[in-house]
Amino acid sequence: MQKKFSSGNEIFFKEDFQATPDALKSLLVYPASWTEKEVHQYLFCLEYSRRAHDGDYRKGTRIPYIAHPVEASLIAMVLTDDLEVVEAALLHDVVEDTGRTIDDIKDMFGETVAEYVLMASENKRPDLPPESTWKIRKSEYLNHLKIGSLNSKVLAIADKLSNIRSMARDYKLCGNAMWQKFNQKDKREQCWYYYSVCDLTRELSETDSWKEMMALTRDVFADVSDEANNLSNNAVSQEL
């Protein structure tokens, strides 16, 4: 049976996807250990994610949303050559933010990728205002991360480093006014969350990606340094 997914009125069959030789050659950054088949699978996963996020943009911008999962996947590639982890980085917001389900991911990419995506997905509680559920959603995510595998922490760094890079760029341009575009507008709460992620991924603290995430977190939240220092010393004890 062919595996398929729909994008609007279009039906897309996995078996019909063909990555051209030029597309393979243009993918300049990928693990050297990957076979041509694995590169092809990555490109298929990228196309699946692109179609799922079609028409969506990064918060407060006109940047197509797919830029974020692509960046997350490239960060993941630096940390691991595990294709399933890299696929999960491409797909980590698909269930949370689009009409796709975990069953769709499992059917198309397998159980392991689906488990990684599920771990990275928040229960958005769509019947409630997002600002009212922000703290509980982030606390739930941190609890899952606390007991998660090393690969789940690779995925967390891939996602959050991409986010904090974007925040750092916006902070230089807009200062603290940038927080107004987020559901959580209290910078101290955002500080708590990002320092907690850094703390819970310290198994990877010798990697350049973790070091960059921590450095940018310190830069972005420097003006709430008292809170940041307290949280960095005992980040996960609060609200967990």
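A short reminder: the numbers here are calculations on the coordinates, not readings from a lab. Predicted, not measured: the structure shown is a model, and the values here were computed from it. Heads up, the Cβs are rebuilt from the backbone with ideal geometry, glycines too, and the neighbour counts pull from every protein chain shown.
Okay, here's what the table says:
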| item | result |
| --- | --- |
| Under-5 Å amide H pairs with Y57, H placed in peptide plane, nonlocal only | Y65 |
| Separation of alpha-carbon centers, the range 149-173 and the range 50-84, rounded to whole Å | 11 Å |
| Order of E38, E203 under a 10 Å beta carbon neighbour criterion, fewest first | E203, E38 |
| Highest average packing first - 53-66, 76-89, Cβ atoms within 10 Å | 76-89, 53-66 |
| Cα pair distances in the range 127-240, grouped into 5 Å bins until the bin that holds the longest one, percent each | 2, 12, 23, 25, 23, 12, 4, 1, 0 |
| Inter-label distance, nm, simple model (7 Å from Cα along the C-beta direction), T61/S33 | 3.2 nm |
